[in-house]
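The values are calculated or read from the model by the stated rules, or taken from the named source; none is laboratory data. The model shown is predicted, which means the values in this text are computed figures rather than measured ones. No Cβ is skipped: glycine too gets one built from the backbone with ideal geometry, and neighbour counts run over all protein chains shown. When the accessible area is computed, the model is the full protein with side chains, heavy atoms only, and any ligands, DNA or RNA have been set aside. Shrake-Rupley method; radii C 1.70, N 1.55, O 1.52, S 1.80 Å.
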Amino acid sequence: MAATAHRKVRYALTSRCAYVAKSYWNRSIETYPIRPESTIELIKGKGADTLWFQVFSDRDSEGTVSVKRCGFENIADGDDVYLLLRRIMSGET
């Protein structure tokens with residue numbers, strides 16, 4: 001999946017939300033509100049960056065905690081998108 005993700009995944013950012021649209025076996029779109037209290041994390045890569053802006057944790061019946069991170073993966077302009085997210089979070093846009 002990771003090898004063909006550039007053909008199947010699209011990202012969009014507005015002044016209120018981030019969108020992740022996927023078209024693998026079926027089409028889906030995920031919406032993530034950008035709030036002032038959101039935590040964002042930029043991970044620099046060799047050719048592409050990953051920007052996490054939502055973290056969800058869930059505890060199963062045995063007490064094991066699983067963490068799901070949501071964001072823009074393998075993007076070329078991670079620094080620019082990070083700055084845009086910071087501006088949105090501070091209310092500049």
Review point. What single numbered condition from (1) touching a residue at least 24 places away in the same chain (Cβ under 8 Å); (2) open to solvent by less than 80 Å² (accessible area, probe 1.4 Å) fails to hold for Ser23?
Key: (1)
**Study point:** Criterion (out of contact with any strand residue (DSSP E or B) (no Cβ under 9 Å at 6 or more places or on another chain) and without any contact (Cβ under 8 Å) to a residue 60 or more places away in the chain) met by exactly one of Gly91, Gly71
**Key:** Gly91
Check your understanding: When only residues in the stretch 13-29 that are over 15 Å from Arg86 (Cα atoms) and under 10 Å from the mean Cα position of the chain (by Cα) count, which is modelled with the lowest pLDDT?
Key -> Val20
Study note, to complete from the structure: All conditions in (1) in contact with a Pro (Cβ under 9 Å, 6 or more places away or on another chain); (2) outside any helix (DSSP H, G or I) are true of Val55 except (1)
Exercise for review: Would you be able to tell me the number of residues in the stretch 44-68 that are over 21 Å from Val9 (Cα atoms) and touching a residue at least 12 places away in the same chain (Cβ under 8 Å)?
Suggested key: 1
**Study point:** Residue within the stretch 5-14 that is at negative phi, open to solvent by less than 60 Å² (accessible area, probe 1.4 Å), in a helix (DSSP H, G or I) and of a type in the set (A, V, I, L, M) present
**Key:** yes
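One line per residue, one yes/no per condition, for (1) open to solvent by 70 Å² or more (accessible area, probe 1.4 Å); (2) of a type in the set (Ser, Thr, Tyr); (3) assigned to a helix (DSSP H, G or I):
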site	(1), (2), (3)
Ser28	no, yes, no
Gly45	no, no, no
Glu62	yes, no, no
Phe72	no, no, no
Asp79	yes, no, yes
Ile88	no, no, yes
**Study point:** Enumeration of residues in the stretch 30-43 that are touching a residue at least 40 places away in the same chain (Cβ under 8 Å) and either under 10 Å from Gly78 (Cα atoms) or part of a strand (DSSP E or B) (or both)
**Key:** Glu30, Leu42
